[in-house]
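Report on one structure; see the data block that follows.
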Amino acid sequence: MCYTGVRHHEPRVGRIGLEMEILQKIDVLGEAAQYDLCRGCGTGDARVQNDLGRWIYPAVRPDGRRINLLKVLQTNVCERDCFYCANRSQRDTPRVSFAPEELARGFEEMVRRGLAQGLFLSSGVCGNAGRAMERMLATVEIIRQRYHFSGYVHLKILPGADDASVEAAVRLAQRVSVNLEAPNARRIRAISASKEFAALLGPLRQAHRARRAQERPVSMTTQFVVGAAEESDQEILATSAGLYSELRLARAYYSAFQPIEDTPLEGHPATPAWREHRLYQADFLLRQYGFRFQELIFDHQGNLPSHADPKLLWAREHPEAFPLEVNTASKEQLLRIPGIGPRSAARLLGWRRQGAVQELKALALAGADSKRAAPFVLLDGKRPPHQLSLL
């Protein structure tokens, strides 16, 4: 076992039985996994209300299907020293580990009972990344081969994982991810003395190469801890934009830093939720609205302004582009209008074939925010009544 200088939690065995032992471990390792984001996960009351399902979350797969996802670590024993992390070495916290067969058996039981339809699996790094990845891969191989589970698996690729482990993860999972945590080498050094940015980015690039060699689609994601390293939004989004372009990343996740007791950053101020929200808004512009990184507007410190969302801010900075005639604008132009998103733009394009869009209520029926859009549109040649939105 990897020594971390902390107490280890040994679940009781014997008369309690295997199910209770697995339940106890899932309780510890599910809680330890909560800081790792995955697509569409809910929190709190959205979780399955069941002792065995305490760490099962409603999630959205890459194909849009909704499933219940068990989110768990193989182990929370970790030799890394990330200054923000609840599972860092030397932090006094209960430590437990799953053997591959044990976790696979517990997950199969949850699937059989209809509690879970998918698995999100990550791990602390104990010994080295290769051995930690071997245990995770062995768990999923048992799930696939012995229990014939063909459903959704999201596998975390650990920092420093070798090429063979990355390729195996891509073969076994529908989604793989590497948490970059910070946008560049300088910032990663500010939050961890044991991680190197190249060792994080390398496996992500290898995963991209591996997935191109197979026909089955595999998506990739990453995650940033926002505010822990004093990085700017501009740095974060520049890295995200590069990954979208270079690696066809499905998406980046942004986690507002929250201090955790008994870590070096416990006295660091928490990152406000609005900053995380602004990053997601800007990220949607890059992924779904056709914006280039160079079009995003930052303040003098390189951050997204708090007083206006990035799309509205761009529109106000480009009065020459408006008002746009809704009945003749292209899809790309419609997506530049505040309040109109990909779905409402598609509906409007379809409705135009049946007749002109003449009233604001038509925008609302299409799913757009008509009040937000009103200052920037023409409806059959006419300006609708409007007030400028402040947000």
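The values are calculated or read from the model by the stated rules, or taken from the named source; none is laboratory data. These numbers were taken from a predicted model, which means no experiment stands behind them. Cβ coordinates were reconstructed from backbone atoms using ideal geometry, including for glycine residues, and neighbour counts include every protein chain displayed.
Remarks
- Taken together, the residues in the stretch 248-264 that are in a loop (DSSP other than H, G, I, E, B) and either of a type in the set (S, T, Y) or in contact with a helix residue (DSSP H, G or I) (Cβ under 8 Å, 6 or more places away or on another chain) (or both) amount to 3.
- E231 meets the stated requirement of being farther than 23 Å from A59 by Cα, buried (at least 21 other Cβ atoms within 10 Å of the Cβ) and touching a residue at least 40 places away in the same chain (Cβ under 8 Å).
- Residue that is of a type in the set (D, E, K, R), under 18 Å from G290 (Cα atoms) and in a helix (DSSP H, G or I), where the choices are E320, E332: E332
Results for (1) small (G, A, S); (2) assigned to a strand (DSSP E or B); (3) over 23 Å from A129 (Cβ atoms), shown as yes or no for each residue.
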{"position": "S194", "(1), (2), (3)": "yes, no, no"}
{"position": "L204", "(1), (2), (3)": "no, no, no"}
{"position": "Q234", "(1), (2), (3)": "no, no, yes"}
{"position": "S245", "(1), (2), (3)": "yes, no, yes"}
{"position": "E266", "(1), (2), (3)": "no, no, yes"}
{"position": "R275", "(1), (2), (3)": "no, no, yes"}
{"position": "R278", "(1), (2), (3)": "no, no, yes"}
{"position": "A282", "(1), (2), (3)": "yes, no, yes"}
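- Just one of the listed residues (R105, R66, R91, R113) is basic (K, R) and either in the same structural domain as E261 (by TED's automatic domain parsing) or in contact with an Asp or Glu (Cβ under 6 Å, 6 or more places away or on another chain) (or both), namely R91.
- Residue match in the stretch 3-23 (condition: touching a Phe, Trp or Tyr at 6+ places or on another chain (Cβ under 9 Å), surrounded by 14 or more Cβ atoms within 10 Å (Cβ to Cβ) and either modelled with pLDDT of 75 or more or charged (D, E, K, R) (or both)): no
Here's the yes/no breakdown for (1) in contact with a helix residue (DSSP H, G or I) (Cβ under 9 Å, 6 or more places away or on another chain); (2) under 16 Å from F291 (Cα atoms); (3) not aliphatic (A, V, I, L, M); (4) not in a loop (DSSP other than H, G, I, E, B):
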position	(1), (2), (3), (4)
S306	yes, no, yes, no
W314	yes, yes, yes, yes
I340	yes, yes, no, no
A346	yes, no, no, yes
W351	yes, no, yes, yes
Q358	no, no, yes, no
A364	yes, no, no, yes
P375	yes, no, yes, yes
P385	yes, no, yes, no
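- From the options G130, G160, G106, residue that is of a type outside the set (S, T, N, Q), surrounded by fewer than 17 Cβ atoms within 10 Å (Cβ to Cβ), touching a residue at least 12 places away in the same chain (Cβ under 8 Å) and touching a helix residue (DSSP H, G or I) at 6+ places or on another chain (Cβ under 8 Å): G130
- Exactly one residue out of S122, S150 is surrounded by fewer than 22 Cβ atoms within 10 Å (Cβ to Cβ) and either under 23 Å from the mean Cα position of the chain (by Cα) or in contact (Cβ under 8 Å) with a residue 60 or more places away in the chain (or both), and it is S150.
- Enumeration of residues in the stretch 206-232 that are part of a loop (DSSP other than H, G, I, E, B), over 21 Å from Y84 (Cβ atoms) and at pLDDT 95 or above: V218
- Scanning the stretch 293-317 for residues that are over 13 Å from Q281 (Cβ atoms) and without any contact (Cβ under 8 Å) to a residue 60 or more places away in the chain gives F293, Q294, E295, D299, H300, R316, E317.
- Odd one out for C85, checked against (1) within 24 Å of A173 (Cα to Cα); (2) buried (at least 19 other Cβ atoms within 10 Å of the Cβ); (3) modelled with pLDDT of 90 or more: (1)
- Pairs where the first residue, in the stretch 238-255, is among the β-branched types (V, I, T) and the second is crowded, with 17+ Cβ neighbours inside 10 Å and not in a helix (DSSP H, G or I), C-beta under 6 Å, 6+ apart: T239/P183
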